[in-house]
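The next block holds one structure in the form of structure tokens; read it before the comments.
The values are calculated or read from the model by the stated rules, or taken from the named source; none is laboratory data. These figures come from a predicted structure and were not determined experimentally. All Cβ positions, even for glycine, are placed from backbone atoms using ideal geometry, and neighbour counts span all protein chains on display.
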Amino acid sequence: MRFVYFIIFIFGCSEALAQTRTSVGVTTNIRALAVNDSLHWWFGGSGGWLGHTADGGKSWELRQPAGSAVDFRSMHAFNQQEAVAAIAGQPAQIYRTHDGGKRWELVHWLNDTTAFIDAIGFWNAQDGLLFGDPLPDGKMLLLQTSDGGRSWEAMPDSSRPKLYPGEAAFAASGTAMQCVGDSTVVIVSGGSVSRFWFSHNRGRSWQVVVNEPMQAGLPSQGAFSVAHNQADSSWLVVGGDYLREQELSGNIGILNKNKWLSPKYPPRGYRECVIMLNVGAWIATGPAGSDVSWDAGNTWVPFNDENGMHVAKPIGFGGLLLAGKGGSLLRYTLLHKP
């Protein structure tokens, strides 16, 4: 399928910033997004849709391997041909493709009807981790793979941390977990309490600290996304309350050298995804708009007022791809520091 592009210009940076708007061609709420390069993008969304483009969004390979009643919210793309994707709720299943999305194979499923998958991450092309909300035993759902997602097995009970009653995670953008370096993994939670879980041995053992700046206490509150700042080894966490999208307090925290910091000027409300671009910009996006920071998260200014965006990924040098409701995609070519 072919789609029409619309290009506008945004003047929030030192030069005009080109915004290209397109669509995947089907009605879906995109929450899972992966980018290999400027041409190869992958998405997962509601209605059971999975898609891959090899030409920068001009045409799409679209499939519904599990039917139309499921919601894909987590995915990882290894290269231009291979990717894995997981259904968030029931049935809790993982699919994999090796031919650019033409066929998706069911590689793992969970019989537990309470299972809810939040995110997938990989340290390399073979070794990865999947996590989800606590199972009936109160412990986090954790699966591991050592063959690039072709097969998965449960982590030992001794490696599955126990959550507080009412504590869980959010699959709003599939970015509540990050695998970093060779063996570090971080997970953020919310609900009755918001916490920052981290492991330096691929999830075999865990440490945890409370997300002090984040809203918590209600099922709609907490941390939704986490990203790593390689420059100073700090972590940025965004979230808030998805029932109060305009709330300015408790929607961001910066963990630097084991100390929580609150920004001078926070994002303009609840945010579901945070990423860092290779030009030094941070982007926090959510259903009510997106914000940008050029100083490691201390000061945020408006980036756009686009409604319904859920997830963001870097693309190229200084580029950005946003995705959200209605199968909508927004591409920005190059951010410039003001």
query = What single numbered condition from (1) part of a strand (DSSP E or B); (2) surrounded by fewer than 22 Cβ atoms within 10 Å (Cβ to Cβ) fails to hold for Ala119?
reply = (2)
request  = Residues being part of a strand (DSSP E or B) and either among the β-branched types (Val, Ile, Thr) or touching a Phe, Trp or Tyr at 6+ places or on another chain (Cβ under 8 Å) (or both): count how many of those fall in segment 92-116.
outcome  = 9
message = Of everything in segment 293-333, what is of a type in the set (A, V, I, L, M) and touching a Leu at 6+ places or on another chain (Cβ under 7 Å)? Give them in sequence order.
response = Met309, Val311, Ala312, Ile315, Leu320, Leu321, Leu322, Ala323, Leu329, Leu330
ask   = Do the conditions hold for His52, that is, is it in a strand (DSSP E or B), over 14 Å from the mean Cα position of the chain (by Cα) and at pLDDT 95 or above?
value = yes
task = Within segment 144-154, count every residue that is touching a residue at least 40 places away in the same chain (Cβ under 8 Å) and either surrounded by 22 or more Cβ atoms within 10 Å (Cβ to Cβ) or in a loop (DSSP other than H, G, I, E, B) (or both).
result = 5
note = Per the filter on segment 69-90, residues over 21 Å from Val311 (Cβ atoms) and modelled with pLDDT of 95 or more are Ala69, Gln81
message = Anything in segment 21-35 that is in a strand (DSSP E or B) and not charged (D, E, K, R)? List them, or say none.
response = Thr22, Ser23, Ile30, Ala32, Leu33, Ala34, Val35
note = Quick count over segment 128-151, residues being closer than 21 Å to Gln207 by Cα and either of a type in the set (Lys, Arg) or touching a Cys at 6+ places or on another chain (Cβ under 9 Å) (or both), is 3
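Which of the following residues is out of contact with any His (no Cβ under 9 Å at 6 or more places or on another chain) and surrounded by fewer than 18 Cβ atoms within 10 Å (Cβ to Cβ): Ser46, Ser59, Ser74?
Numbers: Ser46 fails: surrounded by fewer than 18 Cβ atoms within 10 Å (Cβ to Cβ); Ser74 fails: surrounded by fewer than 18 Cβ atoms within 10 Å (Cβ to Cβ).
Going through Ser46, Ser59, Ser74 in turn, just one is out of contact with any His (no Cβ under 9 Å at 6 or more places or on another chain) and surrounded by fewer than 18 Cβ atoms within 10 Å (Cβ to Cβ): Ser59.
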query = With segment 271-335 as the region, which strands (runs of 3 or more DSSP E) entirely inside it contain at least 2 residues that are among the aliphatic types (A, V, I, L, M) and buried (at least 19 other Cβ atoms within 10 Å of the Cβ)?
reply = 273-276, 282-286, 309-315, 319-324, 328-332
query = Quick one: is Ile275 under 15 Å from the mean Cα position of the chain (by Cα) and at pLDDT 95 or above?
reply = yes
request  = Would you tally the residues in segment 155-166 being touching a Leu at 6+ places or on another chain (Cβ under 8 Å), of a type outside the set (A, V, I, L, M) and in a loop (DSSP other than H, G, I, E, B)?
outcome  = 1
note = Residues of segment 227-258 being buried (at least 17 other Cβ atoms within 10 Å of the Cβ), in contact with an Asp or Glu (Cβ under 9 Å, 6 or more places away or on another chain) and among the polar types (S, T, N, Q), in sequence order, are Asn251
task = From (1) at positive phi; (2) touching a helix residue (DSSP H, G or I) at 6+ places or on another chain (Cβ under 8 Å), pick out the condition that doesn't hold for Gly327.
result = (2)
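What residue, of Ser225, Ser192, is of a type in the set (S, T, N, Q) and closer than 21 Å to Ala296 by Cα?
Values: Ser192 fails: closer than 21 Å to Ala296 by Cα.
Ser225 is the lone residue from the list that is of a type in the set (S, T, N, Q) and closer than 21 Å to Ala296 by Cα.
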query = Out of all the residues in segment 238-270, which are at pLDDT 95 or above, of a type in the set (A, V, I, L, M) and in a loop (DSSP other than H, G, I, E, B)?
reply = Leu243
